[in-house]
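Enquirer: Attaching a single structure in structure tokens format; questions to follow.
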Amino acid sequence: MKKSPLFLCLVLLLFLANSCNLDSLDFNKLSDDLNLNPEVVAPLATADITVWDLIHSANNNNDDVITKDPTTGLVKIVYKQDNLYTYNVRDFLDFPTQQSLSADNKALGEVSPSDVSVSRKVTLQEMTETLPGAVNNVAAFSGQTIIFQPYSFTGPTVIYGVNPFSDFTSVTLSKGTLEVKLENKLKIPITIEGILYDKTKQANIASVAFANIQPSSTSTQPFTLDGKQLSNQIEFRLTKFTTPGSNPGTVLIDLQDYFNMTFSMKDLKVSAGNLMVKAQTLDESKGIMSFSFPEADLKAFSTVLKKGTLTFKSTNTSNLTGSINITLPEIKKNGTPVTATIPLTGNSSSIDLAGANINFASDATKPYNQVPYTYTVQVNKSSTYIDYVSTQTIKMEVTLTNLDFKSISGDFGKQKINIAQGVFDMNVEMLDKINGSFKLTDPKLNLIIHNPIGAPATVNLDFSATNKKNESVALKPNPFNLPVPADINSGTKTETVTFNKSNSNIVNFIALPPTGKITYSGLVDFNSGTTPITAANPNFLDLDAPFSIDLAMDLPLQLQTKDLAFSDTTKITGSDYDKIETADLVLTATNGLPLDIDIQLAFVDTNTHKQIGVSTKSKILTSAQVNATDNSITPVKSTNTFTLTKTDLENLRKSNSIVFTGFVSSPSAGTSVATIWSTSKIALSVVIKSKVNL
Amino acid sequence: MRNIFTKIGLIGLILLTGILTVSAQESTTLQFMKGMPQSALTNPALHNDSSKVVIGLPGLSGISFGFNSDFAIHDLIHKGTGMLKDSDVWDIENFHGKLKSTNSVELNTSIPLLFLGFRNKKSFFSLGITEKVVAQVTFDKSLVTFIKDGNAPYIGQNFDLGKIGINTFGYREYAFGYSNEFLKDKLTIGVKAKFLSGEAAFHTERMNMKVETAADQSYLNLSTDMDINISAPVTVKYDENDYFDGMNGDNFKAGDYLNQKGNSGMAFDFGAVYKLTPKITLSGSIIDLGKISFKKNLISMKHTNTYKWDGVDFSNSVDDSKGDYVDPSDLFDNETDKMKDSFKPKKSEFGAESFDMTLPTKIFLGGTYEVNKIFNVGLLDCIYKNGDVSRNTITASGNAQLCKFFSLSGSYSNISGSSNVGLGMAMRLGAMQLYFVSDNVLALNDLTKTENTNFRFGMNFLFGRN
């Protein structure tokens, strides 16, 4: 009995002790969901940025393409393609690499022997022996002083031999002068008449007559030899000799007293003969050599050679020896005409023509493609008698080899350059990211032409742009005149030809936008006009200067657009947003950019390529106001809310990527122009209001 | 023989299950429980047991655990419904609804190391050495309101999340008690002097937080104000920038902790019992009036901070060509680091100030009416105060000494509005007495639904009982 209460108490104690339990709380079965749904408001982000910051970040792979005007700050797309087209100017005209120029055969012309002179002294002694009456037998009075009695001889002819001329054997003179000089060394005045007689030709050379030549006096008589044929075998045939004597005076009779006849031939021009030629220079010869260009229409006025080699060659049909001094007065090197001295028969050494100027226009009758030449023949004195005929010829040949032209001026004729189809891609990253089109108010396409060809030309060029959808638009620019350098010394003419909205279809061209390939082709037509090309107004060409065309597009961002879409895809992990039930992003902005911006999110699964859902398109930025009069911009403060509903967040959680699409419109629903200044500011703050599910 | 083994087995089982259970604070049921030397814990003049010698062995004489809260676990976590009926679900809404403006969760525990008491004529002397731990966490309802609602409903306001208090300390109590009877045994006055040796403490002098949400939602202002004192065998670590980087307890040794010297304090218990009539006895006591001054292993930190969050500024993170470009991922990292550094205390904010921890004080006022020799009824009002937390418990009890070796008490307590049914039993087996007492036995069946519970269990050795 006593034990029972004890036992009962023990059991009761045990029961009480063991009933203390937390079995109703099993932490293993505790839900992860806290059932906590606080609503949180917090500022998320702020930014005070300029338009330039935004543009730069959107286009960070090709920074050079989007720039800002350094003065105004206007944002522009500037695309430059250097050497869009290049042309090898040496292909413009065909040039020869060598030329052979020949002068006509040229007659050598008359040569001159030396002046010759022979004398014949006839003594009193010889006269007494040869003249009838022995001249009054004066010999008997030799040594005596007597009165020399008058004498008269009038024939028959008495022949006195003369030494032959030494410098020729026979000649035909085209010109010359015979001078006969009588020197009276008798003591009595004499009168002589006679004939200089060519024994070989058997012809009288000259009839001489000296009257009453006083003692110790001289008398000369000239005779022309023009056209005479002579041999060197001559004699003097005395036909008359008279003297009045010395009466009343007496003279010493010296039988060695004489009269002397000198026969001098001067200034002889021999047209033929056998003679010893003296060293002399023949008359200068001139002529014209013609240049031959492969271009049939090319009339070259002048050229400068980059390199070339000139050699002369002469051939000579006569027996003369000597050298030829040839000058090409219109081929000048360093301002000095090219000259050479070559043997009368032979070749010159090579003359380097690098840098030489050639004037092809010195002949007024044919002022192109010709070069004059002059040469003189320097004849050596012959050591023996040679046969010579003045009609014997020499011929000059000029050979130009290894020719490389530096520049040329002339009349190039009608020439064309076909600009074959080319293609390029602007590759503007920002344009690649947009869908839709926009119209720029003042786009420009500049062609920077570097032209060394000095010939008027018309350029017909076209560009065709395509976009990613393969739609295309042609630029259709007006034909334009090729900018031309002023003269050959001006170098390459660089000038910009601008296509804008008034002379091309550039507004629609850019509005495409040209996100695909741009093709181009064209034709440059030279000398298509009627203005004559003269030496005063020539075509010219520097063959070393490049011809190229650079392209530059200048696209100021003054645009009209409606709902121009920018898209960007960002990977996300949907489960990161498990705790968010709804979210409102409240954007408060002071917007200095004159664009309305809406945004829409598409939730996608890139693995299955499915779009799971799309949010409502919501405005996030209200455009700044643009003054219609002066285009000034007044920033606008606005507050816009972008809401992610429960459905949006459910879709977000199921997706692995979000496609952010921004829709941009210029003011007044895209009807006004928005000017994008780099300095325009956007001050933005984003507050998130979110119901979270913890 | 078999009976002895049965007893030992049952007792061991009870001890084992008793140690595994959660128990309560100082029990109000205990005070008027007959034959219980532990009644003196609530009133040093009250001796419900007449033994001449009372011995309590280490760990056995009365392990107690107490849990008090202004809400039950069930208010926050409970079984779901429908598809979730098999799961435990969070119910913040319900939890929030149950909260008061200031709420506390307290845990008190004590483990006796030694108890010795002996009676000499009209006096009773006692000596007790006990390990005690007091832990209290307080928070304002506004904190949970903020967590539940978020800050969206409070735009334009500087929302005060209220105060958070964490006060916990462990100490060893060396208690010397003396009581004597006066006025012809009508009046007994008792006093207990307690020498306290603090072992460790964590005390928030001040911990406030506010969140201001700007009217235009352009910023959040988070402000904190903290004043914390710690006494523990740990050191503060700092990072390379001299910011707080954790605590280092590598040198902690349990022996050093338990034998900590230098943190000393005093507390007193005062009590009186007056027999108004032979049947009516009145009692009153004040327990644990005192404090401990912590002066060893001190770490004090005063940190006031305001952090303004106005969003991440992307102004320099758009154009990466600029010299001052900052990568967006670095922005968040930088801002996060800035926020962390803002809330992290600096080395200069640490010190080593001594501080006092006041013991939770209890005032017991009550009385009993002896119905007959073996049964009385009691009424007790216990006022409990620990810092800003105060609690009033009114307990009505019936106490019976059913036989020489068994006493039983039943009680009904109203603890700050919640009803609790208590039970106490003491059973004597020769000189050994086993006892158990709890102010809320019904809570033991489902602790998740209880806001207050306590449990005391132990073994005494009683000699010379009258």
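Enquirer: Could you tell me how many of the residues in segment A:425-466 are over 30 Å from A:Val659 (Cα atoms) and not small (Gly, Ala, Ser)?
Expert: Summing the residues that are over 30 Å from A:Val659 (Cα atoms) and not small (Gly, Ala, Ser) in segment A:425-466 gives 20.
Enquirer: On to the next question. Is it fair to say B:Val211 is assigned to a strand (DSSP E or B), buried (at least 16 other Cβ atoms within 10 Å of the Cβ), in contact (Cβ under 8 Å) with a residue 60 or more places away in the chain and among the aliphatic types (A, V, I, L, M)?
Expert: It is true that B:Val211 is assigned to a strand (DSSP E or B), buried (at least 16 other Cβ atoms within 10 Å of the Cβ), in contact (Cβ under 8 Å) with a residue 60 or more places away in the chain and among the aliphatic types (A, V, I, L, M).
Enquirer: Please tell me if A:Ser264 is in a loop (DSSP other than H, G, I, E, B) and among the hydroxyl-bearing types (Ser, Thr, Tyr).
Expert: In short, no.
Enquirer: Please verify whether segment B:347-366 includes one or more residues that are of a type in the set (Val, Ile, Thr) and loosely packed, with under 14 Cβ neighbours inside 10 Å. Steps first, answer last, please.
Expert: Within segment B:347-366, the first condition is being of a type in the set (Val, Ile, Thr), and the residues that meet it are B:358, B:361, B:363.
From the residues that got through so far, the ones that are loosely packed, with under 14 Cβ neighbours inside 10 Å too are none.
No: segment B:347-366 contains no residue that is of a type in the set (Val, Ile, Thr) and loosely packed, with under 14 Cβ neighbours inside 10 Å.
Enquirer: From the list A:Thr341, A:Thr315, A:Thr311, exactly one residue is surrounded by fewer than 16 Cβ atoms within 10 Å (Cβ to Cβ), touching a residue at least 60 places away in the same chain (Cβ under 8 Å) and assigned to a strand (DSSP E or B). Which is it? Even if it seems obvious, please write down each step before you answer.
Expert: Details: A:Thr341 fails: touching a residue at least 60 places away in the same chain (Cβ under 8 Å); A:Thr311 fails: surrounded by fewer than 16 Cβ atoms within 10 Å (Cβ to Cβ).
Within the list A:Thr341, A:Thr315, A:Thr311, the selection yields A:Thr315.
Enquirer: Applying the selection to segment A:1-58, what residues are at pLDDT below 80, within 30 Å of A:Ile676 (Cα to Cα) and at the interface with chain B (Cβ under 8 Å from one of its Cβ atoms)? Lay out the reasoning, then the answer.
Expert: From segment A:1-58, those at pLDDT below 80 are A:1-35, A:54-58; that's our starting set.
Among the residues that remain, those that are also within 30 Å of A:Ile676 (Cα to Cα) are: A:54-58.
Answer for segment A:1-58, where residues must be at pLDDT below 80, within 30 Å of A:Ile676 (Cα to Cα) and at the interface with chain B (Cβ under 8 Å from one of its Cβ atoms): A:Leu54, A:His56, A:Ser57.
Enquirer: Checking A:Asn627 against (1) surrounded by fewer than 13 Cβ atoms within 10 Å (Cβ to Cβ); (2) in contact with a helix residue (DSSP H, G or I) (Cβ under 6 Å, 6 or more places away or on another chain): exactly one of these is not met. Which one?
Expert: (2)
Enquirer: A follow-up question, please. Surrounded by fewer than 17 Cβ atoms within 10 Å (Cβ to Cβ), of a type outside the set (Gly, Ala, Ser) and over 30 Å from B:Asp381 (Cα atoms): which single residue out of B:Asp319, B:Asp327 fits that description?
Expert: B:Asp327
Every residue, every condition in (1) small (Gly, Ala, Ser); (2) without any contact (Cβ under 8 Å) to a residue 40 or more places away in the chain; (3) in contact with a Pro (Cβ under 7 Å, 6 or more places away or on another chain), yes or no:
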| position | (1), (2), (3) |
| --- | --- |
| B:Ala135 | yes, yes, no |
| B:Lys148 | no, no, yes |
| B:Pro153 | no, yes, no |
| B:Gly165 | yes, no, no |
| B:Ala193 | yes, no, no |
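Enquirer: Looking only at strands (runs of 3 or more DSSP E) that fall completely inside segment A:393-488, which ones have 2 or more residues that are in the same structural domain as A:Phe312 (by TED's automatic domain parsing)?
Expert: By residue number, A:393-411.
Enquirer: From the list B:Gln157, B:Gln136, which residue is closer than 21 Å to A:Val40 by Cα and not acidic (Asp, Glu)?
Expert: The match here is B:Gln157.
Enquirer: Related question: Would you confirm whether any residue within segment A:395-413 is within 25 Å of the chain's Cα centre (by Cα) and basic (Lys, Arg)? Can you show your working first?
Expert: Within segment A:395-413, the subset within 25 Å of the chain's Cα centre (by Cα) is A:399-413.
Checking the rest, the ones that are also basic (Lys, Arg) come to A:406.
Yes, segment A:395-413 contains at least one residue that is within 25 Å of the chain's Cα centre (by Cα) and basic (Lys, Arg).
Enquirer: Would a scan of segment A:574-596 turn up a residue that is touching a Gly at 6+ places or on another chain (Cβ under 6 Å) and closer than 22 Å to B:Ser315 by Cβ?
Expert: No, segment A:574-596 contains no residue that is touching a Gly at 6+ places or on another chain (Cβ under 6 Å) and closer than 22 Å to B:Ser315 by Cβ.
Enquirer: Shifting gears a bit: For segment B:440-463, which positions are touching an Asp or Glu at 6+ places or on another chain (Cβ under 7 Å) and not in a strand (DSSP E or B)?
Expert: B:Glu451
Enquirer: For segment A:369-386, check the following and say yes or no: at least one residue is in contact with a helix residue (DSSP H, G or I) (Cβ under 7 Å, 6 or more places away or on another chain) and more than 21 Å from A:Glu284 (Cβ to Cβ).
Expert: Looking through segment A:369-386, none of the residues is in contact with a helix residue (DSSP H, G or I) (Cβ under 7 Å, 6 or more places away or on another chain) and more than 21 Å from A:Glu284 (Cβ to Cβ).
Enquirer: Filtering segment B:72-114 down to residues that are touching a helix residue (DSSP H, G or I) at 6+ places or on another chain (Cβ under 8 Å) and away from chain A (no Cβ under 14 Å), which residue is farthest from B:Asn208 (Cα to Cα)?
Expert: My answer is B:Lys98.
Enquirer: Report, by residue number, each residue of segment B:234-262 that is without any contact (Cβ under 8 Å) to a residue 12 or more places away in the chain, closer than 30 Å to B:Lys338 by Cα and exposed (fewer than 12 other Cβ atoms within 10 Å of the Cβ).
Expert: B:Lys237, B:Glu240, B:Gly246, B:Asp250
Enquirer: With the condition being of a type in the set (A, V, I, L, M, F, W, C), I'd like the strands (runs of 3 or more DSSP E) fully within segment A:591-694 carrying at least 3 qualifying residues.
Expert: Per the criteria, A:596-605, A:636-644, A:657-665, A:681-692.
Enquirer: Would you mention how many residues in segment B:389-410 are more than 13 Å from chain A (Cβ to nearest Cβ) and either closer than 17 Å to B:Leu423 by Cα or of a type in the set (Asp, Glu) (or both)?
Expert: Within segment B:389-410, residues that are more than 13 Å from chain A (Cβ to nearest Cβ) and either closer than 17 Å to B:Leu423 by Cα or of a type in the set (Asp, Glu) (or both) number 7.
Enquirer: Within segment A:153-171, take every residue that is surrounded by 14 or more Cβ atoms within 10 Å (Cβ to Cβ) and assigned to a strand (DSSP E or B) and give me the one that is farthest from the chain's Cα centre (by Cα).
Expert: A:Phe153
Enquirer: Scan (1) surrounded by fewer than 16 Cβ atoms within 10 Å (Cβ to Cβ); (2) of a type in the set (Val, Ile, Thr); (3) in contact (Cβ under 8 Å) with a residue 60 or more places away in the chain for the single condition A:Ile190 breaks and write down its number.
Expert: Checking A:Ile190 against (1) surrounded by fewer than 16 Cβ atoms within 10 Å (Cβ to Cβ); (2) of a type in the set (Val, Ile, Thr); (3) in contact (Cβ under 8 Å) with a residue 60 or more places away in the chain, the one that fails is (1).
Enquirer: Same structure again: Can you confirm whether A:Tyr375 is over 20 Å from A:Asp542 (Cα atoms), surrounded by 18 or more Cβ atoms within 10 Å (Cβ to Cβ) and in contact (Cβ under 8 Å) with a residue 60 or more places away in the chain? Spell out the reasoning first.
Expert: Values: over 20 Å from A:Asp542 (Cα atoms): yes; surrounded by 18 or more Cβ atoms within 10 Å (Cβ to Cβ): yes; in contact (Cβ under 8 Å) with a residue 60 or more places away in the chain: yes.
Yes; evaluated as a whole, the condition is true for this residue.
Enquirer: Give the number of residues within segment B:120-153 that are in contact with a Ser or Thr (Cβ under 6 Å, 6 or more places away or on another chain) and within 14 Å of chain A (Cβ to nearest Cβ).
Expert: Of the residues in segment B:120-153, 1 are in contact with a Ser or Thr (Cβ under 6 Å, 6 or more places away or on another chain) and within 14 Å of chain A (Cβ to nearest Cβ).
Enquirer: Further question on the same structure: Out of all the residues in segment A:289-298, is one or more part of a strand (DSSP E or B) and on the phi < 0 side of the Ramachandran plot?
Expert: There is at least one residue in segment A:289-298 that is part of a strand (DSSP E or B) and on the phi < 0 side of the Ramachandran plot.
Enquirer: Given the criterion in contact with a Lys or Arg (Cβ under 6 Å, 6 or more places away or on another chain), surrounded by fewer than 18 Cβ atoms within 10 Å (Cβ to Cβ) and within 30 Å of A:Leu684 (Cβ to Cβ), identify the matching residue among B:Ser218, B:Ser223. Steps first, please.
Expert: Numbers: B:Ser218 fails: in contact with a Lys or Arg (Cβ under 6 Å, 6 or more places away or on another chain).
Testing whether each residue is in contact with a Lys or Arg (Cβ under 6 Å, 6 or more places away or on another chain), surrounded by fewer than 18 Cβ atoms within 10 Å (Cβ to Cβ) and within 30 Å of A:Leu684 (Cβ to Cβ) leaves just B:Ser223.
Enquirer: Go through segment B:415-444 residue by residue and tally those that are free of Cβ contacts under 8 Å to residues at least 12 places away in the same chain and either at the interface with chain A (Cβ under 10 Å from one of its Cβ atoms) or over 25 Å from the mean Cα position of the chain (by Cα) (or both).
Expert: Qualifying residue count, segment B:415-444: 1.
Enquirer: Further, regarding this structure: Of the residues that make up segment B:78-93, is at least one modelled with pLDDT of 80 or more and within 19 Å of B:Ala426 (Cα to Cα)?
Expert: No; the residues of segment B:78-93 include none that is modelled with pLDDT of 80 or more and within 19 Å of B:Ala426 (Cα to Cα).
Enquirer: Among the residues of segment A:405-421, write down those that are loosely packed, with under 15 Cβ neighbours inside 10 Å and out of contact with any Asp or Glu (no Cβ under 9 Å at 6 or more places or on another chain).
Expert: If the condition is that a residue be loosely packed, with under 15 Cβ neighbours inside 10 Å and out of contact with any Asp or Glu (no Cβ under 9 Å at 6 or more places or on another chain), then A:Asn418, A:Ala420, A:Gln421 are the ones that fit.
The values are calculated or read from the model by the stated rules, or taken from the named source; none is laboratory data. Given the structure is predicted, the values throughout are model-derived calculations rather than measurements. Neighbour counts run over all protein chains shown; Cβ positions are idealised from the backbone, glycine included.
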